[in-house]
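The values are calculated or read from the model by the stated rules, or taken from the named source; none is laboratory data. Everything quoted here is computed from the prediction, not taken from an experiment. A quick note on method: Cβ atoms are made from the backbone with ideal geometry, for glycine too, and the neighbour counts reach across all protein chains shown. For the accessible areas, the whole protein counts, side chains as well, though only heavy atoms, and no ligand, DNA or RNA atoms are used. Shrake-Rupley method; radii C 1.70, N 1.55, O 1.52, S 1.80 Å.
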Amino acid sequence: TLQATFYGHTYDNPFMNASGVHCMTTAELDALADSAAGSFVTKSATAEAREGNPEPRYVNVDLGSINSMGLPNLGLDYYLDYAIKRQASHPDQPFVMSVASYQGFDEYVTNMRKIQESDYTGLVELNLSCPNVPGKPQMAYDFEDTDRLLTEIFAFYTKPFGVKLPPYFDIMHFDKIAAVLNQFDLKFVNCINSIGNGLYIDKATDTVVIKPKGGFGGIGGEYVKPTALANVRALKQRLNPSIEIIGTGGILTGRDAYEHLLCGASMLQVGTQLEKEGLGVFDRLTKELLAILESKGYASIAEFKGKLGTL
Ligand code: DHB
């Protein structure tokens, strides 16, 4: 079985979309819910609906993708309304609501206040790592602001939530973010968002491939798997055991999924490969991952989760 337990619920399998892919509208969200994915997450919502950055703003390339979407979304009220209705109609199929901020610190707080005051009681993924809003830094690269923000939110917020993190590249940064997060009753962390502000150049034209920010954009896909695995592993080793990990980054095959689980992930999100392949990716990944478990003689994910070998 590929059953995955995550914050008190057992899902048929650990696979979800990564936020931003196939989750903008209620039609896309319902299609995800009806797909082979174990669960799903909504597009990161801001207080007001947004058009996002000028196009082209997402491009698939051989080894992954580059994007600078700029938080296009239908607004927090739209996703909250969907979440409340979905929770009532499908109480046995939990999902995750992604919440971001366009303006910065204060909007994160007001967005979470609105959810606190709503009838939605399910999981929220607080996105502290959008790299694509011109002039706005990624919250989770500022450890003091992240500490202040979570302190402010936990002063009033009583429902379960976790945070989506950017990739870190230094052992001291793993130590620092874990020390901040361990002060709070977070239910999960999601590692990683895209590797921010990469640059892809088209061979034929010697130009960038996306329009916003002179071509700089978040990198996903095969490029990011070693960074994603390191972040999942490093945070799993440092966080309170009550904080679960969602592994995201470079999952194209059952083997990639298996490696995220070895590093300690409980759930797995697929972004670039979902964009490239469509919803059929979840059926393929579940088959490939199940074949790996069978070949290794494992009956369940619990038998190997977090049990990465070292030398
Ligand atoms: C966007 C990109 C992200 O990586 C993210 O976490 C949120 C939003 C975007 O550009 O829309």
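If you go through region 38-48 and keep only what is of a type outside the set (Ser, Thr, Tyr) and either part of a strand (DSSP E or B) or away from the ligand (no atom under 11 Å from the Cβ) (or both), you end up with Gly38, Phe40, Val41, Ala45, Ala47, Glu48.
Applying the criterion of being among the β-branched types (Val, Ile, Thr) and more than 12 Å from the ligand (Cβ to nearest atom) to the residues of region 49-70, the residue that is most open to solvent (accessible area, probe 1.4 Å) is Val59. Every condition in (1) modelled with pLDDT of 95 or more; (2) within 15 Å of the ligand (Cβ to nearest atom); (3) over 19 Å from the mean Cα position of the chain (by Cα) holds for Asp145 except the one numbered (2). Residue under question is Thr253, and the condition is that it be open to solvent by 40 Å² or more (accessible area, probe 1.4 Å) and without any contact (Cβ under 8 Å) to a residue 24 or more places away in the chain; does it hold? The answer is no for Thr253.
Can you tell me which residues in region 1-24 are of a type in the set (S, T, N, Q), in contact with a helix residue (DSSP H, G or I) (Cβ under 9 Å, 6 or more places away or on another chain) and surrounded by fewer than 16 Cβ atoms within 10 Å (Cβ to Cβ)? Selection gives Thr1, Gln3.
With the structure loaded, tell me whether Ile195 is of a type in the set (Val, Ile, Thr) and within 16 Å of the ligand (Cβ to nearest atom) or whether it fails that test. Yes: the conditions hold for Ile195.
Considering only region 113-138, state which residues are within 16 Å of the ligand (Cβ to nearest atom) and surrounded by fewer than 23 Cβ atoms within 10 Å (Cβ to Cβ). The answer is Pro131, Pro134, Gly135, Lys136, Pro137, Gln138. Across region 147-180, what is the number of residues that are out of contact with any helix residue (DSSP H, G or I) (no Cβ under 9 Å at 6 or more places or on another chain) and among the hydrophobic types (A, V, I, L, M, F, W, C)? Here the count works out to 3. Applying the set (1) open to solvent by less than 20 Å² (accessible area, probe 1.4 Å); (2) aliphatic (A, V, I, L, M); (3) in a helix (DSSP H, G or I); (4) closer than 21 Å to Gly64 by Cβ to Ala234 leaves exactly one unmet item: (4). Taken over region 36-48, residues that are out of contact with any Cys (no Cβ under 7 Å at 6 or more places or on another chain) and open to solvent by less than 30 Å² (accessible area, probe 1.4 Å) amount to 5. Please determine, by comparing only the residues of region 71-89 that are of a type in the set (Ser, Thr, Tyr) and within 16 Å of the ligand (Cβ to nearest atom), which one is most open to solvent (accessible area, probe 1.4 Å). Once the filter is applied, the top-ranked residue is Tyr78.
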